[in-house]
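Following: one structure in structure tokens, then a few remarks.
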Amino acid sequence: MKKEEFLQGIRDGIPICLGYFSVSMAFGLTSVLSGLPIWATVLISLTNLTSAGQFAGVNLLLVHGNMIELALTTLIINIRYFLMSLSVSQKVESKMTLKERFAVSFGITDEIFAVSMQRKENLTSSYMAGLILMPVIGWTGGTLTGAVATSIMPEVLSSAMGIALYGMFIAIIIPPAREHKNVLFAVMLAILFSLAFAYVPGLKKCSGGWSIIIITLIVSAVAAALFPVEEEEEK
Amino acid sequence: MKTEYLLMGILVMAGMTYLIRVTPMVLFRKKINHKWVKSFLYYVPYVVLSAMTFPAIFSSTGSKLSASFGCVAAMILAYFKRSLLTVALGAAITAFLVQLAGF
């Protein structure tokens, strides 16, 4: 363990940690209000360290989705980490051991990926340990804070809180849809398909988890074919 | 909710997420530069969240009307790029006020 590298990682991780805290507080708050026990909510954040993936997972758990739906939904939503991890694998120092690679892999998130890619030097395991540690603390701590806050919330407010999780989704979708017509197209097409799966007689039989998977595959494929994304748009 | 079901579910979620992250790190060294694949991955999060939100959001509170108001509030706040927490709470408080007014 190189102390200087580790401390630099900690420093670079603090902004991510702060950002994660407020997001995961919303996650903890809404998950517990939707009916998930506090321990499960915190355990999910600690072991998953991902936003959209675990939001979708909780959604499925709440409607008692089966394990195949859960595994496939998680796979599709988080498959982007595959590419990020691939990029990181080419930037880590060549002498990084297999054991260290197994450990570093746990912490590949959008933000950690982005910060590590900005670093000029090759990535050492010490640096990555520091960079990952702070966001993990922020993400898990925020979840716990949000989850515990629910118990001091008046009962009457709780009934309206079911919408908070969806509010958070809207906060993720709208800003890029506002700026990029291609994202707006994908969002509108996804909503159209989703409405069809909810109201068209034959399609209604499809369970929530599966319809999400089908919609994701079709709409993302169509959007990618019609509007291939340029490099600079990806951030 | 059964504890075994939850533990199993969390294990599946965590296991799958880790598998995705660890596979390229230990197995692959070559960089993917396929434009369609990259574009596909770019759209996935937006498509998933859109499909999950609509139309489910309209049955997420005590009444369709309060949910609709909450939804509009969320969209306005999100349009002006408020933080996730602000948008989430804004939607909830709006829905709460509409319910409080007796709708």
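Under the condition of being more than 7 Å from chain A (Cβ to nearest Cβ) and of a type in the set (A, V, I, L, M, F, W, C), the residues counted in the range B:84-96 number 1. Applying the condition of being farther than 19 Å from residue B:19 by Cα and not in a helix (DSSP H, G or I) to the range A:97-136 and asking which residue is most open to solvent (accessible area, probe 1.4 Å) yields A:120. A Cβ distance below 6 Å, combined with a sequence gap of six or more or placement on separate chains, defines the contacts here; from the range A:20-43, residues that are under 12 Å from residue B:7 (Cα atoms) and not assigned by TED's automatic domain parsing to the domain that holds residue A:143 reach no residue that is among the aromatic types (Phe, Trp, Tyr) and surrounded by fewer than 19 Cβ atoms within 10 Å (Cβ to Cβ). Please determine, by comparing only the residues of the range A:17-29 that are of a type in the set (Phe, Trp, Tyr) and at the interface with another protein chain (Cβ under 10 Å from one of its Cβ atoms), which one is surrounded by the fewest Cβ atoms within 10 Å (Cβ to Cβ). Looking at the filtered set, the residue picked out is A:21.
Screening A:171, A:198, A:186 for residues that are at pLDDT 95 or above and assigned to a helix (DSSP H, G or I) leaves exactly one candidate, A:186.
Within the range B:55-66, can one find any residue that is more than 7 Å from chain A (Cβ to nearest Cβ), out of contact with any His (no Cβ under 6 Å at 6 or more places or on another chain) and hydroxyl-bearing (Ser, Thr, Tyr)? Yes, that holds for at least one residue.
Have a look at A:121, A:93, A:111 and point out the one that is more than 9 Å from chain B (Cβ to nearest Cβ) and under 26 Å from residue B:12 (Cβ atoms). The unique qualifying residue is A:111. In summary, helices (runs of 4 or more DSSP H) completely within chain B and bearing 3 or more residues that are open to solvent by 70 Å² or more (accessible area, probe 1.4 Å) occur at B:3-27, B:64-79, B:84-100.
Tell me, yes or no, whether the range A:177-191 has at least one residue that is crowded, with 16+ Cβ neighbours inside 10 Å and more than 13 Å from chain B (Cβ to nearest Cβ). No, there is no match, as no residue in the range A:177-191 is crowded, with 16+ Cβ neighbours inside 10 Å and more than 13 Å from chain B (Cβ to nearest Cβ).
Residue count for the range A:30-47 satisfying the condition of being at pLDDT below 90 and either among the acidic types (Asp, Glu) or open to solvent by less than 40 Å² (accessible area, probe 1.4 Å) (or both): 1.
Checked against (1) at negative phi; (2) at the interface with chain A (Cβ under 7 Å from one of its Cβ atoms), residue B:81 passes all but a single condition, namely (1).
The values are calculated or read from the model by the stated rules, or taken from the named source; none is laboratory data. Not measured: the values here are computed from a predicted model. Positions of Cβ are generated from backbone atoms using ideal geometry, with glycine treated the same way; all protein chains shown enter the neighbour counts. Calculation scope for accessible area: heavy atoms of the full protein, side chains included, ligands and nucleic acids excluded. Shrake-Rupley method; radii C 1.70, N 1.55, O 1.52, S 1.80 Å.
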